[in-house]
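For reference, the structure is listed below as C-alpha cells.
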Amino acid sequence: MKPEKALIFEMSKPGRVAYSLPDCDVPEIEASSVVPSHLLRSTPAELPEVYEVDVIRHYTELSRRNFGIDNGFYPLGSCTMKYNPKINEDVARFAGFAKIHPYQPAESIQGALELLYTLQNDLAALTGMDQVSLQPAAGAHGEWTGLMLIRAYHESRGEKRTKVIVPDSSHGTNPASATVAGFETVTIASNDKGMVDLEALRAAVGSDTAALMLTNPSTLGLFEEQIVEIAQIVHESGGLLYYDGANSNAIMGIARPGDMGFDVVHLNLHKTMSTPHGGGGPGAGPVGVKSRLIPFLPKPIVGRAEDGAYYWDSDLPQSIGRVKAFYGNFGILVRAYAYIRTYGPEGLRRVSELAVLNANYMMHRLAPYFEAPYPGVCKHEFVLSGKRLKAFGVRTLDVAKRLLDFGYHPPTIYFPLNVEECIMIEPTETESKETLDAFIEAMIQIAREAETDPQLVINAPYTTIVKRLDETTAARKPVLNCTCG
Amino acid sequence: MSEIKPDLFYSEEHEWAVAISGQVIRIGITDYAQHQLGDIVFVEFPEVGAGVFAGESMGSIESVKTVSELYSPVTGKVVSVNEALIDSPEHVNGEPYGNGWLVEVEVEGSVEAALAPLLTADRYRAITE
C-alpha cells in the first residue's frame, strides 16, 4: 500500500454510476409540488461519480489502513480498549432496537424503554447512586452535565460557589468541563504517593468550593486510600464530590463511588462497558446522582408506571433541561445493556479482577527495564517513566514510535503530567497471557535497543505506511477545507 | 544545558522579565521552558490594555504536546504583544529571549520594585537543575 490515496471526490468522473435505480413504478411528480421551496436544493449535491467496484476498493483499502482493537493489542492507558463482543452488534441490530424512531409513541416502543429503564437501574446499582440519566453522549459531556447539576444544586440553595478543585493528575477534560460549565478551576498537587494531598485539599476548600472532581483509582492507577477523609473535607466545606468514571474498570463489583461519598458520577460506556472506542464515536457518558441532585437531572428519564408501562418522565421541574438531541446515543446504550446482561454482576466483578491482575503482572515484569514511579500494587493501569533512556538520547516518544514496528498501538505517552517521560499502560482484561508477554518482550527489546543502538529507536518507525508526521507544521499551518457562514 | 541570560529576571514558572524603557517590562518564556514544551504552535495573548497580576494567568502557550498557562511575573497593564508570533510561533523556540518575546507590560511605580520579587539568573539556574 502506498501512503498516497486519492479521496473519493478526486476519483469522481462525470457520468459514472455505482448503482442504477430500477424504473420507477409509481407516477413521478415534481419535488417542488410536495416539498417547500426553502427545503429544495438550488444546485445538485456534489456526490462523487464512481463505479461500485471502485467505491468498494476505496473503502476496503481505507479500512485496512486502520488499527483497532480487532487488529491488535491497544494498551492505551485511561481508555480501557477492551475487546467489543460481537454479540453486542447482533443485539443492536434487532429490528425492535434498530428500526424504531425516538418520536414514536411510548406504547409502541416498550421494549426499548424497558431496556433503558433497566440500564438506568443497573448503572445506579453498579455505582451506588440513586438515579441515572442516559442522555450524555460521551465522557466529557457527562462531566459537563454533572457539573451543571452541581451548579444548579448550589444555585437552588442560594449559594454562589465558583471554584472546582482538580488534582494535578486529572484528565484534561476535567478542568475543561469545569471551565465550560462556568467555574474557575483550582489545581492541587498530588503527594509523593501520587494521591490527593489532604493538607493541600484542606487549604483549597472553602465557602466558594462547588466541587472536587476526582478519578478513583487515579490516572496513575492508584486507589485513593484516604477517600473517606477526602469526602468529609469537601462535604464539610459545603461542596460536592464528583466522580470521573473513566477508571471504573478497576472496581466493578468491588467498590462503588456512591459508598465512597461521591454525589455525582459519570461512566464511559465506550470504556468500561465495551462499546466501540477509538473510531470517533458515538460514545455514551451516563450520569448518576445521589437523591438530592435528582430534581436537576436532564429530562426526560425513563419511568415505570404502576401498571408496569414504561414512559418518558418529564416531571422534573428543576431539570437543567435536555443535554442531547433525542434521548442519548441509543444504539450504544443497547450495546452496553447487552454487555451487562452477558456478564451479570459476578462476571463484571471478574472483569475488574482480571483487569487489575493483568496490569500488575505487566508492571512487575516491565519495572526492571523502565522505572515504575509508584511501585507496589496498582489497579487496572500503571505508569512507567522512560527517563532512564534519556541518557542514550532516547525519549518516550521514540519508544512509542518503535512499538509501531512490532504491530502494537502504543500506550498513552506524556500523560499524566506529573511523571517525567510518562508511559501509561492499561491492558484490560480481554487479553491472553501470550499477548501480554509478547508486548512485554517487545518493550524489553526496545529498552535494550535504546542502550545498544539508540539510533534504531530514534528513527523508528520503519514498517508503517507513514513515518513520523510533521505535527508541528500541521498545527501551525492547517489546511482548511471548509468555509463557515 | 539551557541558556540563562545573566541580566534578566526570572519567575518560578519559567518566564523572564526585563525593563526596557520607562515603566515598561518585556516578558517571555525561558530556553528551559521552550525546550520542555516542544514546538510552539500557538500563543494566546492577553488583550492590549488589559490588566495583569503578578502570579496570575494572562494567556496560554500551546505546543504540539500540551497547552501551558502563561503567568505574568508583574502587575500592570498590557501595552503590546508580539504579533509576529501569530504567523511565526517558532520564534519562541528559536529565540526565546529575542524575537520570541511575548508581552510588554507597563507597571505602576518603579520597574525595580516590580522586578525585585523575581529570581536572579543564578537563583533561576538553581531551580532548573
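All of the numbers you see were taken from the coordinates with simple rules; none came from a lab. Computed from a predicted model, the values in this text were never measured in an experiment. Backbone-built Cβ (ideal geometry, glycine too); neighbour counts: all protein chains shown.
Checking every one of the chymotrypsin sites (Phe, Trp or Tyr not before Pro) in the stretch A:22-93 against DSSP loop status and a limit of 13 other Cβ atoms within 10 Å picks out A:Y83. Placing +1 on the Cβ of every Lys and Arg and -1 on the Cβ of every Asp and Glu, with nothing else charged, gives the protein assembly as shown a dipole about its Cα centre of roughly 1160 debye.
Comparing B:Y71, A:G303, A:V234 along the charge dipole axis of the protein assembly as shown, the residue lying farthest to the positive side is A:G303, per the Cβ-charge model.
In percent, rounded to a whole number, the relative contact order of chain A is 18, using alpha-carbon pairs under 8 Å and six or more apart. Helical content alone sets the calculated 222 nm signal of chain A at -11000 deg cm²/dmol, taking -39,500 (n - 2.57) per DSSP H segment of four or more residues and averaging over every residue. Magnitude of the charge dipole for the stretch B:9-128, about its Cα centre and with charges confined to Cβ atoms of Lys, Arg (+1) and Asp, Glu (-1), is about 280 debye.
Per residue of peptide A:469-476, the mean number of Cβ atoms on other chains within 10 Å of the residue Cβ is 5. Relative protection proxy for A:415-427, A:8-20, from highest mean packing down: A:415-427, A:8-20 (other beta-carbon atoms within 10 angstrom). Give me the net charge of A:D470's neighbourhood, meaning all other residues with Cβ under 15 Å from the Cβ of A:D470; Lys, Arg count +1, Asp, Glu -1. That sum, taken over residues with Cβ under 15 Å, equals +3. If both residues of a DSSP beta bridge must be in chain A, then about 55% of such bridges are antiparallel. Per residue of B:106-113, other chain Cβ atoms within 10 Å of the residue Cβ number 0 on average.
Taking the Cα centre of the stretch A:1-65 as reference, the dipole from Cβ charges on Lys and Arg (+1) and Asp and Glu (-1) amounts to some 520 debye.
Go through A:P317, A:T215, A:F262 and say which Cα lies farthest out towards the positive end of the charge dipole of the stretch A:209-334; charges sit on Cβ, +1 for Lys and Arg, -1 for Asp and Glu. The listed residue farthest towards the positive side: A:P317. Residue by residue along B:35-42, Cβ atoms of other protein chains within 10 Å of the local Cβ number 3 on average.
Projected label points at A:A31 and A:E46, each 7 Å from Cα along the beta carbon direction, are separated by 1.7 nanometres. Pull out a ≥ b ≥ c, the square roots of the eigenvalues of the alpha-carbon gyration tensor of the stretch A:1-65, then state rounded if a/c is under 1.5, prolate if not and a/b is larger than b/c, and oblate in the remaining case. Prolate shape, in that a/c is at least 1.5 and a/b is the bigger ratio. Can you find, among B:A113, A:L126, A:V419, the residue farthest towards the positive end of the dipole of the protein assembly as shown? Put +1 on the C-beta of Lys and Arg, -1 on that of Asp and Glu. Of B:A113, A:L126, A:V419, it is A:L126.
Taking every C-alpha pair closer than 8 Å and separated by at least 6 residues, the mean separation divided by the residue count of chain B gives a relative contact order of 31 percent.
Summing charges over all other residues whose Cβ lies under 13 Å from the Cβ of B:E106, with Lys and Arg as +1 and Asp and Glu as -1, gives 0. Between A:R202 and A:A176, the modelled labels are 3.5 nm apart [label points 7 Å from Cα along Cα→Cβ].
Spacing of the modelled spin labels on A:S63 and A:V17, each 7 Å from Cα toward Cβ, amounts to 2.6 nm. Checking every one of the trypsin sites (Lys or Arg not before Pro) in the stretch A:63-119 against DSSP loop status and a limit of 13 other Cβ atoms within 10 Å picks out A:R93, A:K99.
Starting from the stretch B:1-105, pick out the chymotrypsin sites (Phe, Trp or Tyr not before Pro) whose DSSP state is loop and whose Cβ has at most 14 other Cβ atoms within 10 Å. Listed in order of number, the matching sites are B:F53. Rounded, prolate or oblate: pick one for the protein assembly as shown, where a ≥ b ≥ c are the square roots of the eigenvalues of its C-alpha gyration tensor, a/c under 1.5 means rounded, and failing that, prolate if a/b is larger than b/c, else oblate. Here the protein assembly as shown falls in the rounded category.
Using a/c under 1.5 as the rounded threshold, could you call the stretch A:1-153 rounded, prolate or oblate? The axes a ≥ b ≥ c are square roots of the C-alpha gyration tensor eigenvalues, and prolate needs a/b larger than b/c, oblate otherwise. It comes out oblate by the Cα gyration axes.
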